[in-house]
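The values are calculated or read from the model by the stated rules, or taken from the named source; none is laboratory data. Worth saying up front: this structure is predicted, and the values here are computed from it rather than measured. Quick reminder, even Gly has a Cβ in these numbers, built from the backbone with ideal geometry, and neighbours come from all protein chains shown.
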Amino acid sequence: MTLFKKSLLATAAGAAALTFSAAGASAAIACAGPVCWHTHARYEYPPSARVVIHDDNWKWKRHEHYRWREHRGRGYWRGDRWVEFN
């Protein structure tokens, strides 16, 4: 196999791996009441949290009043407090 064919094969394999990894990535917007944050996984939130999950490209409408409040980790906002859960 020539160097050109090896390079072409390696490039194709890399592109395929990148395509599959991007397709598997799950991003979403979670909102609890008027507070929203980005999440990288679609967790099963406790029903009492009243979290609504939106697609990552979701935007609220002009008449709606939400605010962004980011936080790392697995949890949700309840008022001004971040509640973690397993």
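Points worth noting:
- Qualifying positions in the range 43-57 - surrounded by 13 or more Cβ atoms within 10 Å (Cβ to Cβ) and either in contact with a Pro (Cβ under 6 Å, 6 or more places away or on another chain) or in a loop (DSSP other than H, G, I, E, B) (or both): TYR43, TYR45
- Any hit, the range 32-42, residues being assigned to a loop (DSSP other than H, G, I, E, B), among the charged types (D, E, K, R), modelled with pLDDT of 80 or more and on the phi > 0 side of the Ramachandran plot: no
- Residue in the range 64-78 that is assigned to a strand (DSSP E or B), of a type in the set (Ser, Thr, Tyr) and touching a helix residue (DSSP H, G or I) at 6+ places or on another chain (Cβ under 6 Å) present: yes
- Tabulated pairs, the range 26-46, first under 10 Å from TRP77 (Cα atoms), second of a type in the set (S, T, N, Q), C-beta under 9 angstrom, 6+ apart or interchain: ALA30/THR39
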